[in-house]
Structure formats: C-alpha cells, structure tokens
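Chemist: Have a look at this one.
FYI, it's all coordinate maths here, none of it is from the lab. As the structure is a computational prediction, the values presented were derived from the model and not from experiment. No Cβ is skipped: glycine too gets one built from the backbone with ideal geometry, and neighbour counts run over all protein chains shown.
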Amino acid sequence: MKKLSFVVFAAFLLQACGGTYVADEYPLNEDRVSSFQVNGEVSVRSAYDEPHPIRITNLDADLQQISEQFAEQMGQEIDRHHNGDGGADKHIMVRVTDMNLANRIAYMEGRVSVELELGNGEQVSFERRNGSPGVIYRVLNGTIALAVIEALEDETVRAYLAE
C-alpha cells in the first residue's frame, strides 16, 4: 500500500512540475455518438493559420495544435457515419478558443471552449467540461473527445451535415 501511495504521489508531483501539453486522440467507442445523416464529402480543419500559444495551468500548449486534433477526431467520427449519399461538399472550421484545467479535491476538471464555423456561414459555440481522477493529459484529451461528441450532437451541425 505504501508503494502505491508513493507512486500516486510521485505522479501528482511530476504533473506539478510543468511541461508541454500536446493534444492526442482519446478514442471513443462507436456508440458514443448517436447515428446521424451525412451527405456529401466533409472536410474539418483548424481555423488557425499559425501557432497560438497558451498556458494550461503549468503546461505550455498551442490552441492551433489542439484545434487540429479536435478537427481530426471530429472528421474521423463524421467519416464513420458517412453513408456515401450525394450532396454538396461541406467544410467545418474548428477554433478552440480556450482550454484550462482545475484541480478539484478528488479529481481534475478539464474545460474547453470551441467555435465551429460551418460552410454555410452558421456558427456554433459551446464549452465542455470533463472531470476525471486521471492524469492531466488524459483529462484534457478526454475533454476534447467529449467536446467532439457535443459538436456532433448539435442540431445545427447535424442539419448542415445532412444537407
């Protein structure tokens, strides 16, 4: 038990030392996103043209890289639901405008703010939170994954994809 306590303490201590956060895919089970219609080819990209550095607590990060990861994961989920039907090509631009982390008593809470610009000119903005007792990187990656789910459950996004 002492060894386990030491390992957990050491993990939290290392997280407090700082470093760099690079967003990575947090895999989603196929059933996490309910079925939806996709017509036409869809491209999902980051809206940032250049790096946009931020600090997430004690970590260096880049909103451009986080937006790119979000766009990649969202595009993969859309491809999973694509049925090959015709329709106009569609474009979605992703801009993660903020990401942060709060250390709660028994868990950490990630927060991400996202803006989506749909190819028809409509915009969708939302904030997603995710609490987990996991390590910082897992919490933040999970927060992005849950935001992808929220984006794909949004009625405006779904209507656009079905056009």
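Chemist: Going by average Cβ density within 10 Å per residue, which order do the peptides 49-55, 98-104, 139-145 take, highest to lowest?
Modeler: On the way: 49-55: 11.0, 98-104: 15.7, 139-145: 23.4.
In decreasing order of mean packing, 49-55, 98-104, 139-145 become 139-145, 98-104, 49-55.
Chemist: About its Cα centre, how strong a charge dipole does the chain have in debye, to the nearest 20, once Lys and Arg get +1 and Asp and Glu get -1 at the Cβ?
Modeler: 1140 debye
Chemist: Next up: Given the DSSP H assignment, sum -39500 (n - 2.57) over each helix run of at least 4 residues in the chain and divide by its residue total; what's the result at 222 nm in deg cm²/dmol, nearest 500?
Modeler: -12000 deg cm²/dmol
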